[in-house]
Amino acid sequence: MKTKIFSTALMGVLAMGLTSCGSDFLEVSSKTEGTTGNYYNSESAISRALIGCYDGWQRTVSNGPTFAFHYLSELLSDECFGGTGANDARNSAVVDRFDMGEDNSQVDLHNTLWESYYQAIYRCNELIQHENGISWTDEKNHGKYIGEARALRGILYFDLVRVFENIPLVTVPTTANVPQAPVDSVYAQIFRDLKYAAANIPADAYPKASSSANDGRITCYAAKAMIARAYLFYTGVYGKEPQDVSKAEVLQGLEDIIQSGEYALVPLYKNLWYCASTQWEGSDQAGWKEVSSYAGEDNVENILTMKFNYTSDYNGNAGGNNAIQMFSVRGGTFKAPYGQGWGGATVSASFAASYPSLDQRRTASIIDLAAEGIEATDAYQKAILDQRDYTGYFNKKYTARSGYHQSESGSWSLTHYYDGLMAGDFQISQPIGYTVMRYADVLLMAAELGSPNAQSYLSQVHSRAYATQNEDGSVNTPRIIVNVTKENIMEERRLEFAFEGLRYWDLLRQGVDVAARAIVASGQKVLNGGQEGQIAFRAENITSKRGFQQIPLTQIQRSNGVLKQNAGW
């Protein structure tokens, strides 16, 4: 089984345990084959349970929370606005503006997200708890399986602590009413888990870490890169070194990744993203043909990808990237390869205009509806009337896909299209993965942390942005030297990782005042239902909350007040 086709029936949720029913033809005497008490009895059982942990991580998005982590991160940034339908609830605006005044009924915005994360953590805790009960015949498997489970737990807690700051820390499978932990304790656990993974997942755990044989698994390289991301955020926000983690150690981990030879920059930036590298040629009469230079999710640059699949339904089976619909153009563009969605996270026009003229990352990252001839169509002019915070720009990296499909009658029409397969409900079955960590990020983090090769690393990323393709298919990459300064590195990150869920956290780690100023400066005129409006932000709404989100009211009530609401909310 490939790990991206997670078995949603494999693992029980919370205290329900693991059970399996036999069939008559198997001639088994007992219908019950496993419980949490006896299931974890072999390395193969641990391996299967680990797939359930990955499924739990996947479900933090596919369970259907409107504000999945990646989408939430974009709404919080200066790249995007709330968007969605002109007559929709203003829940996206509450997040975007950090302001309950947009809709004071939105007191449970992140409840599904909170529950999904703690359910995933429970699965990891249960597996890890049984580590010492296994007679390990292969110590490499021991390090790999426990390392991946601990890395998943570390990543889950890192997302939670960035969003809410004040969260319960649970490292055993329990349903007890646990109070919020000191933030330093949460980060100490995150670093312990990620360091264990970095040290114990074998470098050769998969045939090649950057190949499809990995298929979404966490490697020791991914763990080292995540340590660096967590280190930069923690030291930036809290102004001190984390417990038992040194700058030198973090930088060495990044240098290990670079020196491993497992990863490289994809030569053309656009080939990292399907919709930036794919077009359809032909006509209704002749049929349509997909022409693509897409490098795929398992390309040589992607260090960690959160995988999804086509198998979601409305009966509890969750596997699709539900948040993709939030990013996608409301009403659809009627132009392949773009599918339709709900029009959330509209892209700031000032952000779109901020790219240098020859920087290839702009067209690879942004759907420019006017430049692509979409905005002027009659059909799309009607769609604008149903859009809030319309700017004329949408996220191209993470947008629903479409293509052309021949019907039984022989006619061709625009429809939803996934890697050549017609499958699933477009609202819940998007298989598009999230790139959690790229090699470009490793290069820029190493430069930021003071690598002796900092200028080379920064210049590699910057030069790639100006690479073009020659008629013979070869790539021309200019050699551009960029001076190593904190300002230049942060600017490179802003343009390189647009809409990848990193910008807001990069702002916040520079200080909440820095984040507030950037967000306030992004305010602009927009169209709401076709009528001119204005997006304006208030810095005090962000600074009073220290940049963090509200604890869901449902969780506070269920805890009988043990959980406390964050300041400012």
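Scanning the range 301-344 for residues that are closer than 23 Å to Trp57 by Cβ and among the β-branched types (Val, Ile, Thr) turns up Ile303, Thr305, Thr311, Ile324.
Considering only residues that are farther than 26 Å from Leu508 by Cβ and either open to solvent by 20 Å² or more (accessible area, probe 1.4 Å) or in contact with a His (Cβ under 6 Å, 6 or more places away or on another chain) (or both), which ones fall in the range 60-75?
So the first thing to find is which residues in the range 60-75 are farther than 26 Å from Leu508 by Cβ, and the list is 62, 64.
Selection gives Gly64 alone.
As for the range 306-324, it holds no residue that is touching an Asp or Glu at 6+ places or on another chain (Cβ under 6 Å) and either among the polar types (S, T, N, Q) or touching a residue at least 24 places away in the same chain (Cβ under 8 Å) (or both).
Matching residues to (1) closer than 30 Å to Gly296 by Cα; (2) within 19 Å of the chain's Cα centre (by Cα):
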residue	(1), (2)
Gly147	yes, no
Arg150	yes, yes
Gly154	yes, yes
Thr171	no, no
Val183	no, no
Val186	no, no
Ala198	yes, no
Ala203	yes, no
Pro207	yes, no
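Flag set for Ser211, criterion: touching a residue at least 60 places away in the same chain (Cβ under 8 Å) and either open to solvent by 20 Å² or more (accessible area, probe 1.4 Å) or among the charged types (D, E, K, R) (or both). When the helices (runs of 4 or more DSSP H) confined to the range 311-390 are screened for residues that are within 30 Å of Leu113 (Cα to Cα) and of a type outside the set (Gly, Ala, Ser), those reaching at least 2 such residues are found at 324-327.
Residues that are open to solvent by less than 30 Å² (accessible area, probe 1.4 Å) and among the small types (Gly, Ala, Ser) were ranked within the range 225-268; the one that is farthest from Ala516 (Cα to Cα) is Gly253. Taken together, Lys270, Lys247, Lys240 contain a single residue that is among the basic types (Lys, Arg), at pLDDT 95 or above and touching a Lys or Arg at 6+ places or on another chain (Cβ under 9 Å), which is Lys270. Taken over the range 258-277, the criterion of being part of a helix (DSSP H, G or I) and under 21 Å from the mean Cα position of the chain (by Cα) is satisfied by Tyr269, Lys270, Asn271, Leu272, Tyr274, Cys275, Ala276, Ser277.
On inspection, Asp78 does not qualify as assigned to a loop (DSSP other than H, G, I, E, B), at negative phi, surrounded by fewer than 18 Cβ atoms within 10 Å (Cβ to Cβ) and in contact (Cβ under 8 Å) with a residue 60 or more places away in the chain. Just one of the numbered conditions (1) at pLDDT 95 or above; (2) part of a loop (DSSP other than H, G, I, E, B) is not true of Asp298: (1).
Looking across the range 214-224, the residues that are in a helix (DSSP H, G or I) and open to solvent by 10 Å² or more (accessible area, probe 1.4 Å) come down to Tyr221, Lys224.
Only residues that are within 22 Å of Leu304 (Cβ to Cβ) and modelled with pLDDT under 95 were counted in the range 112-140, giving 1. One residue stands out in the range 446-455 among those that are outside any helix (DSSP H, G or I) and of a type outside the set (S, T, N, Q): the one that is least open to solvent (accessible area, probe 1.4 Å), namely Leu449. Looking across the range 542-565, the residues that are open to solvent by less than 20 Å² (accessible area, probe 1.4 Å) and not aliphatic (A, V, I, L, M) come down to Lys545, Gly547, Phe548, Gln549, Gln550, Pro552, Ser559. Among the residues of the range 148-174, those identified as acidic (Asp, Glu) and in contact with a Phe, Trp or Tyr (Cβ under 7 Å, 6 or more places away or on another chain) are Asp159, Glu165.
Determine whether the range 84-104 contains at least one residue that is closer than 25 Å to Arg153 by Cβ and either out of contact with any strand residue (DSSP E or B) (no Cβ under 7 Å at 6 or more places or on another chain) or of a type in the set (A, V, I, L, M) (or both). Taking every residue of the range 84-104 in turn, none turns out to be closer than 25 Å to Arg153 by Cβ and either out of contact with any strand residue (DSSP E or B) (no Cβ under 7 Å at 6 or more places or on another chain) or of a type in the set (A, V, I, L, M) (or both). Considering the range 417-436, the residues that are at pLDDT below 65 and buried (at least 20 other Cβ atoms within 10 Å of the Cβ) include one that is farthest from Thr311 (Cα to Cα), namely Tyr417.
Restricting to the range 81-97, and then to whatever is in a helix (DSSP H, G or I) and within 25 Å of Arg494 (Cα to Cα), can you tell me which residue is most open to solvent (accessible area, probe 1.4 Å)?
Ranking the qualifying residues of the range 81-97, first place goes to Arg97.
In the set Glu540, Glu487, Glu491, only one residue is over 26 Å from Gly85 (Cα atoms), under 24 Å from the mean Cα position of the chain (by Cα) and without any contact (Cβ under 8 Å) to a residue 40 or more places away in the chain; that residue is Glu491. Among the residues of the range 458-468, are any at positive phi and either open to solvent by 10 Å² or more (accessible area, probe 1.4 Å) or under 27 Å from the mean Cα position of the chain (by Cα) (or both)? Within the range 458-468, not a single residue is at positive phi and either open to solvent by 10 Å² or more (accessible area, probe 1.4 Å) or under 27 Å from the mean Cα position of the chain (by Cα) (or both).
The values are calculated or read from the model by the stated rules, or taken from the named source; none is laboratory data. In this text, all values refer to a predicted model and were calculated from it rather than measured experimentally. No Cβ is skipped: glycine too gets one built from the backbone with ideal geometry, and neighbour counts run over all protein chains shown. For the accessible areas, the whole protein counts, side chains as well, though only heavy atoms, and no ligand, DNA or RNA atoms are used. Shrake-Rupley method; radii C 1.70, N 1.55, O 1.52, S 1.80 Å.
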